[in-house]
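The values are calculated or read from the model by the stated rules, or taken from the named source; none is laboratory data. Computed from a prediction, not measured in an experiment: that's the story for all the values here. Neighbour counts are summed over all protein chains in view; Cβ atoms, including those assigned to glycine, are modelled from backbone coordinates with ideal geometry. Note: accessible area is taken over every heavy atom of the protein model, side chains too, but ligands, DNA and RNA are not part of it. Shrake-Rupley method; radii C 1.70, N 1.55, O 1.52, S 1.80 Å.
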Amino acid sequence: MEKESILKDRTIVGSPLTHLFSLGILMFVFWLALSGDFAVKFVVYGLITSAVVAWICYPLLLLPNADGTKKYFALGVSPIAFLCYSMWLLKELVLANIDVVKATVRPELRIDPKVIRFVFRSDNPMAKVLLANSITLTPGTVTMNVTSEGIYEVHALTEGAAEGLLAGAMPRKVAELFGEEFDFTVLKGE
Amino acid sequence: MHIIIVAIMVAVVCVIGMMLQRIYQGPTVYDRMNGLGVTGADTILLIILFGYLDGRPEMYVDIAMSYALIGFVGSVIIAKYLGGKDV
Amino acid sequence: MIADITLREFIAGLFLAGGAFFLLASAIGMLRLPDFYCRLHASGNSETLGVMLSFMGLVIYEGLTLTSLKMIMIFLLIFLGNPIGTHILSKAAYKSGHHVWTLEEDAKEEKNHADLPH
């Protein structure tokens, strides 16, 4: 085949050797946790297996952006920033859940469902994925559809959840995590 | 600790029973699929709690991990089938 | 029987009780809400939090062993996987044309005495 080697591909953002190394380390930690046996023979088998799996799986994890000019690695965020983002997300999750439980358990239901739409554009496709997942994880809002231009259609259960989403704290944090500029507009009307 | 685990297991079995009512009654097919997804996630918890009752949590955690992987993948596949060719 | 509960078992019991409460609340919401998209809220969000709190209680009870590391892996799988399942089911229903129910429609239909659309 006449493809260039993947290590010399120019359109990947970031260095492929670092990506391969971190992927291999992740596979090896997973292998050790599942196996539980720390004899030397098994550790050597684990290293060889995780290196082979990382080499095979790496081209599948490269996602192209909308134009097709650049390719991003799917797990290419720094772990510490991601950990801070998850802590913030867990706090939001618990607080909003208490509101939804209060609205549904009472003898009379106090819900007001409607569909909201907004636009969020970003170069990295993982930012769109993370935003859709975080909106679904927050109680009171469920992502219904994401078109290829970046229009999000979201179904909201109560008034408070809709207001909290349209205020824009969550897309701002996602854009900060990936190092992009913040591009968020709210579409009004039907 | 034994009695706390038995109480939580009774609660989870009640939740699975309520989901069976939703699977029976739901007017559309998407309601039934929703009930199945909740049943799958609750069954994972039930397997691990049963492992504590039996005295061997190490074995049951492995079983629960395989069930979680297969259950999640199956749920996504059936949802893609129900949605038509646009999803 | 009540007196010999250690502190670790007590905290684990608190987390387990909180998890069971959220599970029961989500199941009650699932039986009462009027439309498919609203029921998806109750199951996808509250039930995930209930299972997550129960898992945290079990990890606290177990301590720092290999079993608790595997339980943290299952916890991450459910934490990331349940919203994906919820979203794709909602997208399938939306693309197939399932109708979204809002409050103004309900008031208009009660005035006209028509049947609810499916």
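General observations
- Taken over region C:23-41, the criterion of being under 16 Å from C:Ser90 (Cβ atoms) and either more than 9 Å from chain A (Cβ to nearest Cβ) or open to solvent by less than 10 Å² (accessible area, probe 1.4 Å) (or both) is satisfied by C:Met30, C:Leu33, C:Phe36, C:Tyr37, C:Cys38, C:Arg39, C:Leu40, C:His41.
- The listed residue being assigned to a helix (DSSP H, G or I), buried (at least 21 other Cβ atoms within 10 Å of the Cβ), away from chain A (no Cβ under 11 Å) and within 11 Å of the chain's Cα centre (by Cα), out of C:Ala20, C:Ala12: C:Ala20
Table: residues versus (1) assigned to a helix (DSSP H, G or I); (2) among the β-branched types (Val, Ile, Thr).
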residue	(1), (2)
C:Pro34	no, no
C:Tyr37	yes, no
C:His41	yes, no
C:Thr48	yes, yes
C:Phe55	yes, no
C:Ile60	yes, yes
C:Leu64	no, no
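- Residue ranges of strands (runs of 3 or more DSSP E) in region A:103-190 with at least 2 members touching a Leu at 6+ places or on another chain (Cβ under 9 Å) and more than 16 Å from A:Phe82 (Cα to Cα): A:114-120, A:141-146, A:151-156
- Selected residue (only one of B:Val61, B:Val76, B:Val87 is facing chain C (nearest Cβ under 7 Å) and not in a helix (DSSP H, G or I)): B:Val87
- Any chance C:Leu69 is free of Cβ contacts under 8 Å to residues at least 12 places away in the same chain and over 16 Å from A:Val100 (Cα atoms): yes
- Of the residues in region A:97-105, at least one is touching a Gly at 6+ places or on another chain (Cβ under 9 Å), under 30 Å from C:Ile28 (Cα atoms) and open to solvent by 60 Å² or more (accessible area, probe 1.4 Å).
- Positions within region A:119-145 being in contact with a strand residue (DSSP E or B) (Cβ under 7 Å, 6 or more places away or on another chain), more than 10 Å from chain C (Cβ to nearest Cβ) and over 16 Å from C:Phe79 (Cα atoms), in sequence order: A:Val119, A:Phe120, A:Asn124, A:Pro125, A:Met126, A:Lys128
- Residue match in region A:80-95 (condition: more than 18 Å from A:Ser22 (Cα to Cα) and more than 20 Å from the chain's Cα centre (by Cα)): yes
- Considering region B:23-49, the residues that are more than 15 Å from C:Thr48 (Cα to Cα), within 7 Å of another protein chain (Cβ to nearest Cβ) and within 13 Å of the chain's Cα centre (by Cα) include one that is surrounded by the most Cβ atoms within 10 Å (Cβ to Cβ), namely B:Ile48.
- Annotation note: Cβ proximity below 8 Å between a residue of region B:62-87 that is within 29 Å of C:Gly97 (Cα to Cα) and a residue that is aromatic (Phe, Trp, Tyr) and open to solvent by less than 40 Å² (accessible area, probe 1.4 Å) (sequence gap 6+ or interchain) occurs for B:Leu82/B:Tyr30.
- Output for region A:56-96, where each listed residue is among the polar types (S, T, N, Q) and either in a helix (DSSP H, G or I) or open to solvent by less than 30 Å² (accessible area, probe 1.4 Å) (or both): A:Asn65, A:Ser86
- Hits in region A:120-136 - residues which are more than 22 Å from A:Leu157 (Cα to Cα) and over 8 Å from the mean Cα position of the chain (by Cα): A:Arg121, A:Ser122, A:Asp123, A:Asn124, A:Pro125
- Residue within region A:4-11 that is surrounded by 13 or more Cβ atoms within 10 Å (Cβ to Cβ) and at pLDDT 85 or above present: no
- Test result for B:Val13, surrounded by fewer than 15 Cβ atoms within 10 Å (Cβ to Cβ), closer than 29 Å to C:Leu33 by Cα and either of a type in the set (D, E, K, R) or touching a residue at least 24 places away in the same chain (Cβ under 8 Å) (or both): yes
- Taking (1) within 14 Å of chain C (Cβ to nearest Cβ); (2) touching a strand residue (DSSP E or B) at 6+ places or on another chain (Cβ under 9 Å); (3) closer than 30 Å to C:Leu31 by Cα in turn, A:Leu109 satisfies each apart from (2).
- Against the test of being small (Gly, Ala, Ser) and over 24 Å from B:Leu20 (Cα atoms), the options C:Gly29, C:Gly57, C:Gly18, C:Gly81 yield a single qualifying residue, C:Gly57.
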